[in-house]
Each structure stands twice: as structure tokens, then as C-alpha cells.
Amino acid sequence: MKKTETVAKMSMKEDIHVRFSLLLTFFIIYLCIGAAVFTVIEGPIEERKRTELETVITEFMADHECINYNKLNDFMKEIVSANNMGVTALDNATEPANWNFASSLFFAATVVTTIGYGRVAPLSNYGKGFCIFYALLGLPLTLLVVGVSVERLRVLTSHFLSFLNKQLDGRAKAFTIQVLHISLLGLFMLIFFYVIPAVIFCNLEVSWSYLDAIYFCFISLTTIGLGDYIPAEHHQSFRNIYKVCVVAYLILGVIFMVLLVEIIVQIPRFNAGLLFMLPEKQCVGEIGRASCRERV
């Protein structure tokens, strides 16, 4: 009997190793597909922009023959270098400061939430050193705050799930009610953290379309933080208050994103990770025990 169980466990481990290998293969293929699509879509646009820039420079040099090209090139390098550090040469005398308290608070929030837009970065060695130290303490602190906040919000969502169970008792299966619960929470997040904020952003940021605003919300709340769209970078009224409100939005949004993901993975059928866990790990913890009960 024990020999049979041992053989069964070994067979299950081998099966999980095969699944894990297939998962890694799929992940690599997925990355390659993304690279191919972005190359096809963005490559021609980049080439067109390069051609347009070369044309502009050629025309400028033709109209200003007294300017030395090497000096112009050095000048442009300085401009690009400053821009990469968040200092623009356009209307520089009146451009809002990047390191007043509100802007610095915005930067600190993007560091500890790992959004890290990259539009503004420390200019000094002291700033870079402090940023490392600040992130080392801030990242675990943020994880703690998010985890504790999610735990408290889980109490509210559990009450909501209990309400749905009472209302639909006998008329729907438990799994169906769980799916309805997740769908309603997802709809809540879609409306209050994507649709409505996107409307606000595209009205406050005159150069943003609604798609740009939705894109910014998604890139930010998933902590991808590409940095191509950043709010409150120009001369909006109440810019400092606007920055602080964006910080609150980002932190709350990240918390709700984590809450939604955690609720989804608590349902064994939706937790794909269980397919790749070693047998002795699958019955550890609340999710694992639920999965083991479901298999039994």
C-alpha cells in the first residue's frame, strides 16, 4: 500500500514538473509574441520619427549656416540629459518645480509602491543614496500597509458575499455566487478606479485623450509605471493639491487591485498556481486546504 502511494506521489511530482516546464515555455513564447507585436507596431513609427527629426535638423542647419553642427549637437545632448532628469528647457523659467513638497510626495509614493515612472529622478548622489535607503524601508512598510488594509477590506467583502449567499440560497451554486461576487467587485473597481478617474484626468490634462487616461490608470495601478503619461506636470490650477490627490488615488488603487486579485485566487478553480505546486505544498494554508477538500 505504501509502495503504491509512493509511486503515485512520484508520478504526481513528475507531472507537476512537466507542467512547470510547459509554463516556462509558454511564458517565453508569450514574451516573444509581445516583442514581435511591439516591433511591428512601434518600429515603423520610430523610423518615421527619426526621419522627421533628421529633416528638421537638416533644414535648421541650412537656414542657420553660421551655427556649428558639433556645438549644436552638444547643446542638444545637454537638453536631452536635463529632460531625462525631469528638467525641461521649454518655458524653463516658469515651469513648475519638480522638487517642491507635493512633487516630492508624489515621487516618494511612486518609489514605495514600485510604480516608479522615471520621469523625475534624484539629481544628486545624496539623493540617490537616500532613495536606496528610503526604498529599503519603504517597500516592506508599503507591503505591510497594503496587506493590513486588504485584510480589513476582506471583512467587508466577506459580508457582501454572505449577503449574496442569503439572497441566492438554493437558486444558485456556491461557485456561481463567488463568480458573481468577484464580477461585482470588479465592476466597482472598473467604475471608481478607471472610468471615473479617466474622465477626471482627461479633463484636467488637456493633451490627454480618454484612451490616454485609461492607459495611465491601468499602467499605474498595475505598478508598471512607464512614465510616458504623468499627471500634474504643467500649469494646472491647484497643482500641489492635484498631486496629493493623485498620490491618494494611486495608493487606494493599488490596495483595491491587490484585494481583487487576492479574492480571485482564494477560489481554487481560479488559482492556476495550484496546478504547478508540489504535492506536499498543496495542502498548506487556507487556499491549499480548500483545494484539497475540493479534490476529495
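The values are calculated or read from the model by the stated rules, or taken from the named source; none is laboratory data. The model shown is predicted, which means the values in this text are computed figures rather than measured ones. Glycine gets a Cβ as well: all are built from the backbone with ideal geometry, and neighbour counts include every protein chain shown. These area figures cover heavy atoms from the full protein model, side chains too; ligands, DNA and RNA do not enter into them. Shrake-Rupley method; radii C 1.70, N 1.55, O 1.52, S 1.80 Å.
Tell me the helices (runs of 4 or more DSSP H) entirely within the range 195-296 that contain at least 1 residues that are hydrophobic (A, V, I, L, M, F, W, C), at pLDDT 90 or above and over 26 Å from Thr88 (Cα atoms).
On the way: elements: 196-204, 210-221, 239-265, 279-282, 285-295.
Once the helices (runs of 4 or more DSSP H) in the range 195-296 are filtered for at least 1 residues that are hydrophobic (A, V, I, L, M, F, W, C), at pLDDT 90 or above and over 26 Å from Thr88 (Cα atoms), what remains is 196-204, 210-221, 239-265.
Could you list, in sequence order, all residues of the range 156-179 that are assigned to a helix (DSSP H, G or I) and open to solvent by 80 Å² or more (accessible area, probe 1.4 Å)?
Here is the first cut: in the range 156-179, the residues assigned to a helix (DSSP H, G or I) are 156-167, 174-179.
Across the range 156-179, the qualifying residues are Leu156, His159, Phe163, Lys166, Gln167.
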Would you be able to say whether some residue in the range 123-136 is farther than 21 Å from Leu226 by Cα, among the aliphatic types (A, V, I, L, M) and without any contact (Cβ under 8 Å) to a residue 12 or more places away in the chain? yes
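Take the residues of the range 83-115 that are touching a Ser or Thr at 6+ places or on another chain (Cβ under 7 Å) and open to solvent by less than 60 Å² (accessible area, probe 1.4 Å): which is modelled with the lowest pLDDT?
To start, the set of residues in the range 83-115 that are touching a Ser or Thr at 6+ places or on another chain (Cβ under 7 Å) comprises 95, 97, 112-115.
Still in the running and open to solvent by less than 60 Å² (accessible area, probe 1.4 Å): 95, 97, 112-113, 115.
On the way: Glu95: 61, Ala97: 74, Val112: 96, Thr113: 95, Ile115: 93.
Across the range 83-115, the extreme among qualifying residues is Glu95.
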